[in-house]
Amino acid sequence: MPRGIGKLVSLQELSVFVVGKQDRVEHCASISELEHLKLVGQLRIKGLENVTSPVDAKAANLIEKNLRSLKLEWNVLSAEEAVLENLQPHQKLENLEIGGYGGGKFPSWMMNRIGSCLPNLVKIKLANMPGCSSLPQLGQLPFLEELTIRNMPAVTNLGVDKFPALTTLELSSMPELREWVTVLTVDDEEGRRERVPFFRVSLNCGLKDLTCLPESLRGLTSLQRLRISDCEDLERIEDWLGELSDLQSLEIWECSSLRYLPAHKMTTLQELDINKCPLLFDADGRFVDTSVDHIKNVEVDGRKYPYKEQASSSPHVEKSSPKEEKEKKIG
């Protein structure tokens, strides 16, 4: 970002701001140049590893900018916790994404006061933060609908928060995660336990020793989309998954130990995508112990199922590779 952009005091829309390196300050803009810009709408700040002064971060004055969406990105892990502390956004913010932050803890406006500092958040994404072991109390956000947490290997649980408005949950690359089922229920005004109406859940956690799905998923009666991936020890999908009458789409990727999938019990399923789950199939490439004939769209390892050769009169003949076909013609 060229130096001097801060002089455009009437500028209201700036989708991306790239912080320059300090050794090139005479040519590149400092984050402090955002101070007098009356920005609205959305803003993505890249190169935050180049901000070494908390004073400069404070001078950016994000708390006074009427932004709806803010993305804060570190391209190189940086542990400048005071920098993030001074990048507190406006109360009206609806979408917050933080990626590549190398600090060991979140700022106070997230950890202690997120409910009052960002009461209107609808969507939050936290990614690539190896040092943070504790998450903010996200259950304080009454309007939060989408929560994405990726590559936060130090996090072991999601706390005891309830998420009354959450419909989409994605957990990815969190190998130490052990407790997360508390996000699935909420107490109503009379103290009765109710299930949160989830529509989409993505489990891509790389969970150690996870051999079956958490029983708590059974209560997600509004669940429409479920993605399960990178659970190497997962051995079976329980029959009760067929009880989820709204489930329309199921993706299972890279679960190398998975042996059982009760697709025949999932009567409402419209889409099934299987990738790198070899134990679900016999030597002829057919599903073992289940039927998928009722499912409209089925893909296995990127190919539409049933394969053309399985739909022919010789279902046991595997499709030859291009090299084998060429050798047959030569012979």
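Laboratory data are not the source of any read-out in this text; all were calculated from the coordinates shown. A quick note: this is a predicted structure, and the numbers were derived from the prediction, not measured. Methodologically, a virtual Cβ is constructed for each residue, glycine included, from the backbone with ideal geometry; neighbour enumeration extends over all protein chains shown.
What FRET efficiency do you get for Glu238 and Met111 if R0 is 41 Å and r is their Cβ-Cβ distance, rounded to the nearest 0.05? Between Glu238 and Met111 the formula returns 0.70. Remark on region 82-182: hydrodynamic radius 13.6 angstrom, per the Kirkwood mean of 1/r across alpha carbon pairs.
Model label points for Asp282 and Gln91, set 7 angstrom from Cα along the Cα-to-Cβ axis, are 6.6 nm apart. A simple spin-label model places pseudo-atoms 7 Å from Cα toward Cβ; at Thr52 and Lys125 they are separated by 3.0 nm.
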